[in-house]
Each structure stands twice: as structure tokens, then as C-alpha cells.
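*Asks:* Can you keep this structure in mind? I'll have questions shortly.
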Amino acid sequence: MLKVIKNRMEQGCKTSKYPKEPIQLYKRFRGMPRINASCSQSVIQQCADICPQDCIDTKNKTIDLGRCTFCGQCEVQSKGEFVLFSENFELGAASREHLITGGSLPALAEHSKQHFKKLFGRSLQLRQVSAAGCNSCEADTNVLNTPFFDLSRFGIDFVASPRHADGIHVTGPISRNMTQALLDTYEAVPSPKVVIASGCCSISGGPFYGSDEVVGDLNKLIPVDLYIPGCPPHPLTTLHALLQFFK
Amino acid sequence: MDNLLKIKNGAVVDRNAIPNVSNSVFFSSLAEFVKNDGYIVQFFGYIENGINRLIAVVRNRDLYVIETEVGSSFQSLTGSTSEKFHLFEREIAEQFGIIPEGHPWLKMVRYHKNYTGAPDAFGNDYAKEHIPGNYHYFQVEGESIHEVGVGPVHAGIIEPGHFRFQCAGEEVLHLEIQLGYQHRGIEKMMPSVPQKRWPIICESIAGDTSVGHNLCFSQAVEALASLKVDDKSSIVRSIALELERIANHIGDLGALSGDVAFNPPAAYFGRIRGEFLNLLQVLGGNRFGKGLVRPGGVTHVMEEEQIKIVRAKLHELIPEIEHVCDLLFSATTVLARFENTGIVAHEMAKDLGLVGYAGRACGISYDARVAFPTEYYAHLPANENNTTDGDVNSRASVRREEIMHSMQIILQLLEMYEQIGATTGAVFMKEHSLKANSFVVTINEGWRGELSHCVLTDNNGKVQRYKIKDPSFHNWTGLAMSLRNQGISDFPLCNKSYNLSYCGFDL
């Protein structure tokens with residue numbers, strides 16, 4: 001008992017003040033890309049050529065955040081001339097098109113469905129389905145339950161049964177072998193329900209696009225309401241998206 | 001032994017030098033090797049000029065390789081020699097339709113159509129059937145026997161897999177684990193996609209082992225393209241691998257504490273784990289170390305500022321972790337649940353070929369960092385484990401010891417880093433021309449245990465076969481054995497004490 005108290009004193013309160021106070025991530029973090037549209041076409045072409053995810057559109061000078069793994073190779077290739085990854089972790093989007101970006105995203109709160117805010121603004125229960133996720137998306141979603149993020153203080157919880165849930169949060173490129181289980185879980189959630197695609201895998205197949213063992217795009221199976229890009233999304237990216245979209 | 005070729009971890013071998021022996025010599029050599037305290041690192045099939053070939057990499061104190069040609073079947077060694085072969089043989093059957101004759105329980109590994117278009121070894125038609133689990137599970141019969149099926153979708157935020165328990169009341173008589181839900185076809189993808197995609201794919205073989213798998217991949221490319229990694233980059237890689245180890249071990253100790261309903265350490269360790277992920281982000285911009293390791297070195301040079309951050313954080317966290325560990329491991333209610341739960345006896349562990357902390361907790365001291373050191377590990381002291389009874393408590397204690405050891409060696413690595421000269425700088429993924437007609441195997445001690453990648457190139461230097469092995473491939477059977485004659489309510493605890501990878505297994 002004494003040890004419990006001693007440890008409690010040593011640990012103190014570690015819960016983040018976010019979103020009341022902003023958080024600054026370390027400068028090496030790769031978040032929202034800043035794109036220089038006046039960059040020379042040849043540099044953009046070089047970036048597009050080395051991009052492992054083929055997510056750079058040279059004509060429109062955009063990056064598809066639904067495909068990007070934020071590996072940072074284009075930043076290095078262009079020496080920051082075309083792309084610079086900022087520390088801004090606010091990347092959630094309400095539509096797939098918004099993720100194809102020239103360097104900014106529309107305000108998520110304004111594009112969220114208003115009836116969702118009314119229905120789920122005070123209490124949101126989600127069922128997580130990993131459909132061939134590599135466990136980084138899963139792990140960085142799980143940390144939202146640790147004391148630093150303390151997700152439940154916002155009335156948001158991950159629950160054990162789809163019957164108790166208001167929606168599903170899907171990670172992974174959706175392997176053929178998980179497709180049926182994913183659809184069954186979706187069916188088991190009572191309507192009206194929310195679908196969240198988390199991580200570039202569930203949005204576009206991520207690193208596994210093109211494999212004939214994966215579906216690669218959650219939208220092909222069920223309609224997605226909220227997109228959270230990243231490989232994996234930073235926990236703050238997820239937290240920001242959930243708060244903006246539902247609160 | 002005379003028939004096997006001795007090789008080195010991460011060194012290129014000319015494929016013509018690999019002993020290509022007859023079937024009988026191949027299998028008798030393997031059987032003899034494995035019976036005499038030998039372990040299998042890789043054992044897989046590939047096709048050349050329409051002929052099925054099998055290649056095996058085995059280890060005792062050294063590494064060896066041998067290969068043979070087979071037709072549509074071969075003699076199984078699972079029943080006659082050792083259980084160590086069972087999954088490897090099933091995998092060969094599933095990937096190439098080559099049947100291991102006499103395998104005692106031949107069943108699917110990952111549920112996918114084979115690479116060759118040969119008739120499916122199990123008679124499955126994947127064009128019609130998508131759902132894994134179309135299989136008659138092993139069943140225990142009797143009046144009071146009941147069956148419990150769990151998954152693929154589980155209650156927590158974790159990966160999918162199916163567990164089938166045969167129980168008498170609360171007691172589990174048998175647990176059968178069926179995976180494959182996570183199968184993404186990685187081994188098939190690797191030879192067919194452009195090189196620029198390789199590191200991105202390898203980082204996501206198992207996202208909690210991004211650094212480990214990408215090290216195996218990068219070392220293989222370095223060997224085949226004759227790239228040299230400078231000492232400073234090597235140190236950064238070693239630090240990243242250790243940070244990955246600490247973060248996962250700490251998270252699991254917290255989860256184990258939560259599973260026995262002791263909440264304070266669960267909360268503290270949950271938060272502390274994040275501190276280590278943040279250190280990986282300080283090094284390379286991603287909490288899982290993605291984008292850091294690339295063939296030839298690392299993408300971010302560690303500078304004074306990062307050294308300072310890592311060192312200060314470790315000095316801050318070491319006492320905290322010691323205190324929380326003491327809180328966890330001295331609570332009698334915790335020990336009552338940890339001790340004598342989920343025991344795998346030493347002999348059993350050896351028969352199964354368990355690796356990593358699962359093996360070390362059973363008294364198998366093998367640690368690839370010591371046996372086949374890569375990067376900067378040859379300069380570092382080894383860890384020792386004191387609690388090796390094969391139960392949950394041992395697996396937890398081994399992890400506790402490894403956390404402490406890893407933090408110390410990171411501090412040592414930081415000092416070494418400051419003492420050696422300049423680095424050649426950051427590297428990035430480029431097209432590399434690979435040595436033709438070559439073979440390389442790389443081994444690293446990931447946090448779960450022995451990781452290994454194996455690459456075969458053809459006459460034009462193109463990758464002909466890319467083989468990946470996650471330690472979970474060895475250890476899932478250990479979890480099944482842990483549950484024998486245990487209360488079913490101890491399953492979460494046993495499971496978490498291993499915390500094996502679903503996607504690392506399913507590939």
C-alpha cells in the first residue's frame with residue numbers, strides 16, 4: 001500500500017492539457033506537408049519518381065495524404081524546395097478528396113455531419129476492427145486510453161462489442177481473409193453508425209497497395225465518414241480528428 | 001554436418017557454393033543436425049526453371065545452409081524428428097503445393113492460394129472461399145467437454161486471429177490457434193514491386209517491430225549491393241532497436257498488470273511506454289521508427305541535441321521504471337497470478353524451438369545479439385536472466401531484466417557515439433544493383449526474438465525469392481502449450497506474457 005502511494009506521488013498527474021493548450025511535437029516529426037507550388041517542375045518530377053507510394057501529382061502539385069506514409073523521402077530529394085513536413089499533426093478529413101492536398105486541409109469541424117455531433121457529441125462508443133493492420137495503428141490508437149491522453153474524459157470509449165458501439169474504427173489494408181469478419185462487425189453495429197478509416201492502409205492499401213491479397217480501400221466495402229491519415233496516425237492526430245468531427 | 005555449408009550472418013554466398021544434395025542426404029543431414037541441439041532459422045521452398053527446390057538455414061553456434069530438389073512431395077520430419085519442422089513444412093505445402101508426406105497434422109497456415117498454380121495442398125478453392133477457418137478443428141470428445149471459440153475480432157484494440165479451446169469445465173485441455181486473417185501477401189509482393197517500395201513494406205511487416213524487420217531487410221540489401229554502414233549509423237540503429245525493445249516490454253508489463261487487475265503499474269507503464277516511442281520520434285520522426293533505417297545507414301544523423309534528449313530522458317525514467325517494477329513484482333496478489341501460470345518446461349521449449357524472451361524464460365539462453373551480433377552489438381555486454389521457470393512470472397521477469405539491460409546499453413552506446421569520429425551522413429532509399437546469383441540470410445534479435453530475412457537473386461541480380469521469418473512463427477505453439485491444463489481465465493495473462501505478432505506470422 002505504501003509503495004502504491006509512493007509511486008503515485010512520484011508519477012504525479014501526467015494528463016495532457018490538449019486541446020485547451022496546444023502541444024508542440026518534436027521538430028523531426030513529419031506532419032502536414034507544406035508545399036511550394038512555385039517549385040520547378042523537374043524537382044517535382046524527381047520527388048514523384050522516388051515516392052514509394054506514388055502519391056505526388058506533378059501536374060496539380062499535390063500530395064495524396066491517403067496514400068502517403070510520411071516517409072520524408074520527397075522532402076530530402078527536393079531539399080525542402082517542394083515539400084517540407086511541418087509538426088502540424090491535425091490531418092483528419094471528412095472526404096477522400098480533401099486528402100489530396102496542396103498544403104492545407106479544410107477545417108474538419110465545418111465538414112463534419114451535423115447530426116453526428118448531435119447524436120454522438122456527448123458520448124461516442126467505438127468498436128475497433130484491425131483488418132490486417134500491422135499493429136502500429138492499433139498500438140497508437142490504444143495509447144489514447146493511457147493517462148497522458150485519457151480519451152474517456154471526452155466521453156469517447158473503445159468498447160468490446162459492436163452491439164455496444166456507435167461505429168467502427170478500421171485499421172489495416174483489409175486482407176481478403178478479414179473482409180467477411182469486418183463486414184459482419186459493421187452489420188452488428190446498430191444504425192445510425194459511423195465509419196472511421198484510420199491509417200493510410202485502410203484509406204488506400206498503404207504499403208500494400210496492389211497486392212491481390214488485400215482490398216486496400218475501405219470505401220469499396222462500406223461508406224467512410226472520417227479519414228485519419230498517417231503511418232500510423234499520431235495519437236494526437238486521432239484525438240484531434242475525433243474531437244473536431246464529433247464535438 | 002559435413003554436407004552443410006557454414007555461412008555468416010549477413011554475408012553474401014554464391015548460390016553455386018550452396019551444397020545441392022540428394023533428398024535423402026538433405027533430410028538425414030537436417031534430422032541429425034536438429035537432433036543434436038540444432039535449430040531451424042529458415043526452411044522454405046522456391047522454384048527454379050520449373051523445379052521445386054527446398055533450402056534450409058540452421059544454427060547451433062554457427063549458421064549453415066543446404067538445399068535440395070524435390071518433386072511434388074517430400075518426407076516430413078515433423079513426426080519422425082522434431083516439432084521444430086511442423087510450421088515450416090506446412091508453409092511449404094501452402095506456398096508451393098509440395099506435400100510433406102507423413103506430416104502428423106497437415107493444415108493451412110495462412111489461407112491463401114499458392115504461388116505456383118499447383119493443386120492446393122489442402123483442397124481449398126480460394127476463388128470461392130474467402131474465410132479462413134473452414135477446417136475441422138482438433139476436438140476432444142466426452143460428456144463434460146465443451147468448446148470455446150474466440151476471434152477473429154477480439155474485445156480489445158488488437159489484431160485478429162482465432163483461438164479454439166477444448167475445455168473440461170474451467171480447465172483447458174487443448175488450445176488450437178488458427179491465424180491467417182492478416183495475410184497481405186508480402187513475400188509474393190517483394191520480388192514484383194520496385195525497390196523504392198521495399199523499406200516501406202518491410203517496416204509494416206509487423207509495425208511493433210518496424211526497426212527490427214527493416215534492419216534485417218537493410219542488412220540483406222547492404223550485403224548484396226556491397227554497401228558499408230559507418231559506425232555512427234550502426235550505433236543509431238542499435239539504439240533504435242533497443243528503444244523498440246524497451247517500449248514493447250514496458251507496454252506488456254503494464255498490460256500484464258492490468259490483466260491481473262492491478263491498475264497503478266498498468267497506468268504508469270502505459271504512459272512510460274509512450275516516452276520511449278517519443279524517443280524513437282526524436283531520432284527519426286516516427287514513433288515506431290518507421291523511415292529511420294535504410295540500406296547503407298540511417299536517414300537521420302543523431303546530433304548533440306538528440307543525444308542530450310535521449311540521455312536526459314533515460315536518466316529521468318530509469319528510477320521511475322525501477323520503482324514501478326518493484327511495485328509490480330513485489331505485490332503478492334500479482335505474484336500469486338504470475339507464478340506457476342502457463343508453464344512451458346525447458347525440454348518442451350527446446351523441442352518447439354522457442355526463441356526470444358519466450359525461450360529465455362525457459363532456460364534457452366539464445367540471444368542473436370550475442371550469438372550472431374550485427375551493428376554495434378559485438379561491443380556491448382550480454383544480458384543474463386535469473387528467473388527461468390517457463391511461467392508467466394519468468395517471461396515477465398526476463399522482460400524486466402531486458403528493459404534494465406537495454407537502458408544501460410543505450411547509455412553506453414551514446415558514450416561510444418560521442419567518442420568516435422565523423423559519420424558519412426544520412427542515407428536514403430536508392431536503386432541498388434544487387435549481386436547476381438547470390439544468397440544472403442540476415443538475423444537480428446528483435447524484441448520478440450530471432451528475426452530473419454533471406455534473399456535469393458537470379459542471374460540478372462533480380463530478387464527471385466524473398467523470405468521473411470518473424471519470431472512469432474516459432475513461438476505461437478509455445479502459447480498453445482502454455483494453456484495445457486490451465487484455467488481458461490488465465491488465457492489473457494498467458495497471451496500477454498508472449499504478446500506474439502499476428503501480422504508478423506501472417507505476412
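*Asks:* Which of the residues spanning region B:387-444 are open to solvent by 10 Å² or more (accessible area, probe 1.4 Å) and among the β-branched types (Val, Ile, Thr)?
*Replies:* Correct list: B:Thr387, B:Thr388, B:Ile420, B:Thr423, B:Thr424, B:Val427.
*Asks:* Out of the residues in region B:346-373 that are part of a loop (DSSP other than H, G, I, E, B), surrounded by 23 or more Cβ atoms within 10 Å (Cβ to Cβ) and of a type in the set (A, V, I, L, M), which is nearest to the chain's Cα centre (by Cα)?
*Replies:* The selected residue is B:Val355.
*Asks:* Right, something else. In region A:83-97, how many are open to solvent by 30 Å² or more (accessible area, probe 1.4 Å), over 19 Å from B:Leu292 (Cβ atoms) and in contact (Cβ under 8 Å) with a residue 60 or more places away in the chain?
*Replies:* Of the residues in that region, 2 qualify.
*Asks:* Quick one: count up the residues across region B:94-113 that are part of a loop (DSSP other than H, G, I, E, B) and closer than 20 Å to B:Tyr502 by Cβ. Give the steps one after another, and end with the answer.
*Replies:* The initial filter retains those residues of region B:94-113 that are part of a loop (DSSP other than H, G, I, E, B), namely B:97-98, B:102-113.
With closer than 20 Å to B:Tyr502 by Cβ added as a condition, the list becomes B:107-112.
Residues in region B:94-113 being part of a loop (DSSP other than H, G, I, E, B) and closer than 20 Å to B:Tyr502 by Cβ: 6 in total.
*Asks:* Consider region B:130-147. How many of its residues are of a type outside the set (Phe, Trp, Tyr), more than 10 Å from every other protein chain (Cβ to nearest Cβ) and in a loop (DSSP other than H, G, I, E, B)? First the steps, then the outcome.
*Replies:* Going through region B:130-147, the residues of a type outside the set (Phe, Trp, Tyr) turn out to be B:130-134, B:136, B:139-147.
Next, only the ones that are more than 10 Å from every other protein chain (Cβ to nearest Cβ) stay: B:134, B:136, B:139-147.
From what's left, in a loop (DSSP other than H, G, I, E, B): B:134, B:136, B:139-144.
So the answer is 8.
*Asks:* Quick check on region A:127-155: of everything there that is charged (D, E, K, R) and open to solvent by less than 40 Å² (accessible area, probe 1.4 Å), which residue is farthest from the other protein chains (Cβ to nearest Cβ)?
*Replies:* Among residues in region A:127-155 that are charged (D, E, K, R) and open to solvent by less than 40 Å² (accessible area, probe 1.4 Å), the one farthest from the other protein chains (Cβ to nearest Cβ) is A:Arg127.
*Asks:* Using the structure shown, decide if A:Ile23 is surrounded by fewer than 16 Cβ atoms within 10 Å (Cβ to Cβ) and under 23 Å from the mean Cα position of the chain (by Cα).
*Replies:* Details: surrounded by fewer than 16 Cβ atoms within 10 Å (Cβ to Cβ): yes; under 23 Å from the mean Cα position of the chain (by Cα): yes.
Taking the combined requirement at face value, the residue satisfies it.
*Asks:* Another question, then. Restricted to region B:148-183, and to residues that are without any contact (Cβ under 8 Å) to a residue 40 or more places away in the chain and of a type in the set (Gly, Ala, Ser), which residue is nearest to the other protein chains (Cβ to nearest Cβ)?
*Replies:* By that ranking, first place goes to B:Ala155.
*Asks:* From A:Lys117, A:Lys220, which residue is basic (Lys, Arg), in contact (Cβ under 8 Å) with a residue 24 or more places away in the chain and surrounded by fewer than 24 Cβ atoms within 10 Å (Cβ to Cβ)? Even if it seems obvious, please write down each step before you answer.
*Replies:* On the way: A:Lys220 fails: in contact (Cβ under 8 Å) with a residue 24 or more places away in the chain.
The conditions single out A:Lys117.
*Asks:* Sticking with this structure for a sec: Tell me, please, whether a residue that is in a helix (DSSP H, G or I), under 23 Å from the mean Cα position of the chain (by Cα) and among the basic types (Lys, Arg) can be found in region B:435-457.
*Replies:* Let us first name the residues in region B:435-457 that are in a helix (DSSP H, G or I), namely none.
No, every residue in region B:435-457 fails to be in a helix (DSSP H, G or I), under 23 Å from the mean Cα position of the chain (by Cα) and among the basic types (Lys, Arg).
*Asks:* Of all residues in region B:93-147, count the ones that are free of Cβ contacts under 8 Å to residues at least 60 places away in the same chain, open to solvent by 50 Å² or more (accessible area, probe 1.4 Å) and of a type in the set (Ser, Thr, Tyr).
*Replies:* 1
*Asks:* If you scan region B:167-176, which residues turn out to be under 18 Å from B:Gly478 (Cβ atoms) and open to solvent by less than 20 Å² (accessible area, probe 1.4 Å)? If you could, list the steps in order and put the result at the bottom.
*Replies:* First pass over region B:167-176, keeping only residues under 18 Å from B:Gly478 (Cβ atoms): B:172-176.
Listed by number, the residues that qualify are B:Val172, B:Leu175, B:Glu176.
Every residue, every condition in (1) open to solvent by 10 Å² or more (accessible area, probe 1.4 Å); (2) in a helix (DSSP H, G or I); (3) on the phi > 0 side of the Ramachandran plot, yes or no:
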site: B:Gln464; (1), (2), (3): yes, no, no
site: B:Lys467; (1), (2), (3): no, no, no
site: B:Lys496; (1), (2), (3): yes, yes, no
site: B:Cys503; (1), (2), (3): no, yes, no
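*Asks:* Looking for whichever is open to solvent by less than 30 Å² (accessible area, probe 1.4 Å) and over 23 Å from the mean Cα position of the chain (by Cα) here; the options are A:Gly80, A:Gly66, A:Gly31, A:Gly72. Which one fits?
*Replies:* Details: A:Gly66 fails: over 23 Å from the mean Cα position of the chain (by Cα); A:Gly31 fails: over 23 Å from the mean Cα position of the chain (by Cα); A:Gly72 fails: over 23 Å from the mean Cα position of the chain (by Cα).
Just a single option satisfies the conditions, and that option is A:Gly80.
*Asks:* Among the strands (runs of 3 or more DSSP E) contained in region A:12-126, which hold 2 or more residues that are of a type outside the set (Asp, Glu) and away from chain B (no Cβ under 14 Å)? Break it down into steps so the answer makes sense when it comes.
*Replies:* Working: elements: A:33-35, A:62-64, A:83-85.
Strands (runs of 3 or more DSSP E) meeting the threshold: A:33-35, A:62-64.
*Asks:* I'm trying to understand the selection: among the residues of region A:155-185, which are in a helix (DSSP H, G or I) and within 19 Å of the chain's Cα centre (by Cα)?
*Replies:* A:Leu182
*Asks:* So, one more: Among residues belonging to region A:176-230 that are acidic (Asp, Glu) and under 16 Å from A:Ala93 (Cβ atoms), point out the one that is farthest from the other protein chains (Cβ to nearest Cβ). Steps first, please.
*Replies:* First, the residues of region A:176-230 that are acidic (Asp, Glu): A:184, A:187, A:212-213, A:217, A:225.
Narrowing further to those that are under 16 Å from A:Ala93 (Cβ atoms): A:217, A:225.
Numbers: A:Asp217: 14, A:Asp225: 19 Å.
Once the filter is applied, the top-ranked residue is A:Asp225.
*Asks:* Which ones in region B:41-58 are open to solvent by 10 Å² or more (accessible area, probe 1.4 Å) and part of a strand (DSSP E or B)? Steps first, please.
*Replies:* From region B:41-58, those open to solvent by 10 Å² or more (accessible area, probe 1.4 Å) are B:47-53; that's our starting set.
B:Ile47, B:Glu48, B:Ile51, B:Asn52, B:Arg53 - these are the residues of region B:41-58 that are open to solvent by 10 Å² or more (accessible area, probe 1.4 Å) and part of a strand (DSSP E or B).
*Asks:* I would also like to ask the following. Among B:Arg90, B:Arg61, which is open to solvent by 40 Å² or more (accessible area, probe 1.4 Å) and within 23 Å of the chain's Cα centre (by Cα)?
*Replies:* Just one listed residue meets the conditions, B:Arg61.
*Asks:* Would you mention how many residues in region B:3-40 are farther than 20 Å from B:Cys454 by Cβ and either in a loop (DSSP other than H, G, I, E, B) or within 24 Å of the chain's Cα centre (by Cα) (or both)?
*Replies:* Of the residues in region B:3-40, 5 are farther than 20 Å from B:Cys454 by Cβ and either in a loop (DSSP other than H, G, I, E, B) or within 24 Å of the chain's Cα centre (by Cα) (or both).
The values are calculated or read from the model by the stated rules, or taken from the named source; none is laboratory data. Remember, predicted model here, so these are calculated numbers, not experimental data. Cβ atoms come from the backbone with ideal geometry, glycine included; neighbour counts cover every protein chain shown. When the accessible area is computed, the model is the full protein with side chains, heavy atoms only, and any ligands, DNA or RNA have been set aside. Shrake-Rupley method; radii C 1.70, N 1.55, O 1.52, S 1.80 Å.
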